[in-house]
Amino acid sequence: MLRQTNLLSGLLFIVLGLAFGLVATGYRFGTPAAMGAGFLPVSLAVILSALGLAIVVQSHLRAAEPVEWGSFWPLGVVVGSIVLFAVALRPLGFAGACFVTVLVSSFAGPRVSWLQRLVPAIILAAVASVVFAQLLGLPVPLWPSFAW
């Protein structure tokens, strides 16, 4: 098998598009004028599969590039920060969980100063809190229960 990044990416897109498309066919499709619940997922699955096919074809037209799997540290940190968000949501509230999630996930990248880690964490926690808790009315506690 060819070990090309584009080939593997294209095949992944095709498989994901087909899988989500098959699941979405269980919903009513509708028409463009009266869209059903399955219209958007099926449409996006077709687009994703077509994009994957285009990437696979393009990968055969270019020279092969070896796949570099890289380090698993960034993947582990990002996945761990998502799990941490789920665990920290109740005790820290939405704002605190967002702050901790962004702060922890910043350790997946290259070495940066604490200021470069704290400023985005504060800004993203504030923006996410306003958007999700205030504007969209997401029913989650915004602050820790002991704060107010």
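The values are calculated or read from the model by the stated rules, or taken from the named source; none is laboratory data. In this text the structure is predicted, and so the values were computed from the model without any measurement. Every residue, glycine among them, receives a Cβ derived from its backbone with ideal geometry; neighbour counts consider all protein chains shown.
Criterion first (over 22 Å from the mean Cα position of the chain (by Cα) and surrounded by 14 or more Cβ atoms within 10 Å (Cβ to Cβ)) does F29 satisfy it? I'd like the intermediate steps shown before the answer.
Values: over 22 Å from the mean Cα position of the chain (by Cα): yes; surrounded by 14 or more Cβ atoms within 10 Å (Cβ to Cβ): yes.
The answer is yes for F29.
Conditions (1) over 16 Å from V77 (Cβ atoms); (2) surrounded by fewer than 13 Cβ atoms within 10 Å (Cβ to Cβ); (3) in contact with a helix residue (DSSP H, G or I) (Cβ under 7 Å, 6 or more places away or on another chain), marked per residue:
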| position | (1), (2), (3) |
| --- | --- |
| A88 | no, no, yes |
| A95 | yes, no, yes |
| R111 | no, yes, no |
| W114 | yes, yes, no |
| A121 | no, no, yes |
| Q134 | yes, yes, no |
| W143 | yes, no, yes |
Next item on the list: Could you please let me know if V100 is under 30 Å from S145 (Cβ atoms), surrounded by 13 or more Cβ atoms within 10 Å (Cβ to Cβ) and free of Cβ contacts under 8 Å to residues at least 24 places away in the same chain?
Entry: yes
Next item on the list: Among the candidates A54, A37, single out the residue that is in a helix (DSSP H, G or I) and either on the phi < 0 side of the Ramachandran plot or of a type in the set (G, A, S) (or both).
Entry: A54
Checklist line | Options A54, A50, A34: the member that is surrounded by fewer than 18 Cβ atoms within 10 Å (Cβ to Cβ), modelled with pLDDT of 95 or more and of a type in the set (A, V, I, L, M) | finding: A50
